[in-house]
Amino acid sequence: MARKLRIQYPGATYHVINRGNYKSDVFAEPGAPHAFVSALEEAVDRYGWRLAAYVVMRNHFHLAVQTPEPNLSAGMHWLQCTFATRFNRMRKENGHLFQGRYHAILLESGRDLARVVDYIHLNPFRAGLVKSDQLSQFRWSSLSRYAKNQRFNGLSTINWMQAIDLHDTSDGWRGYEERLMRKAGVSAEEAESEHKQLTSGWAVGSENWKESTLADHIPDRAGDEADGFTGLNPDMLATKWHLRLRQELAEAGKAETDLSTARKGADWKVTIAERMQRELGVPIKWLAQELQMGSPGSVRAYLCIKRKN
């Protein structure tokens, strides 16, 4: 069976999310959060991860994790299977606990990681479980472990505190709690905007970084059944196509501004469209819009004429 693509490389940092099967309150069961955190501690140690933050809610969990080795998939498989086995044994039941595959969003910088750590630590407040000044009292959060100095091996501030000009000291943690209090006071619109930025798509970072990451780690035809990949994130594909378009323009001696000034059916545009459609499977609609070639029907006509010649 074909699998969805995971980007893994040494030192990659991720925001990992998964929910209970059918959005069930899997962690509302007595002992379930403790069992998951215990399995998480083992996974972090076993796979050499650096865990920046975690939170276990009633029906989902969040992790902010850096992988010195490219082993996120192996580690997450072990973590979720181990927890499920222990949980089902405890309940004397069988069945899947999580809704399919977890979502892993790549993070570019320490500041991006710090934003995700904040988001994770604010989850109990935004879910209405604690007040903003009681966040460190939420038991199933890394903030509680940091506040009580009860860290386990691998739970680390790595580079996220430094990225926001704080230090792993008592003064630094007071400053961090003040930071969370400020963020807790933002408007609902701002909170929702950040939620979308940090929990959707495939990466958080600059466009240049996203493009270089895809260029380094995804083959041009990723997404083909023949390559064993399906369901590639649409944002990931669009970034890959934009990168290839810029390469094609450079090879043709053209600039992006030429796209708007040249004829819709210019020979060089048709050549680029034909090559990208044939080699990458880029949709006609995307080519029509990005190459400014008119309607999708016009592009099909241009390509048909070219392929007959």
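The values are calculated or read from the model by the stated rules, or taken from the named source; none is laboratory data. Predicted, not measured: the structure shown is a model, and the values here were computed from it. Neighbour counts run over all protein chains shown; Cβ positions are idealised from the backbone, glycine included.
Here is how the numbers come out for the structure above:
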read-out	value
Any hit, the stretch 185-199, residues being of a type in the set (Val, Ile, Thr) and either buried (at least 16 other Cβ atoms within 10 Å of the Cβ) or touching a Cys at 6+ places or on another chain (Cβ under 6 Å) (or both)	no
Qualifying residue in the stretch 225-248 (condition: part of a helix (DSSP H, G or I), modelled with pLDDT under 95 and of a type in the set (Phe, Trp, Tyr))	yes
Every residue from the stretch 294-305 that is under 12 Å from Thr271 (Cα atoms) and surrounded by 14 or more Cβ atoms within 10 Å (Cβ to Cβ)	Val299, Tyr302, Leu303
Selection status of Pro70, assigned by TED's automatic domain parsing to the domain that holds Ser141, loosely packed, with under 15 Cβ neighbours inside 10 Å and in a loop (DSSP other than H, G, I, E, B)	no
The lone exception for Ala255 - which of (1) free of Cβ contacts under 8 Å to residues at least 12 places away in the same chain; (2) assigned to a helix (DSSP H, G or I) it fails	(2)
Wholly within the stretch 170-223, helices (runs of 4 or more DSSP H) carrying at least 3 residues that are more than 30 Å from Leu245 (Cα to Cα)	170-184, 188-199
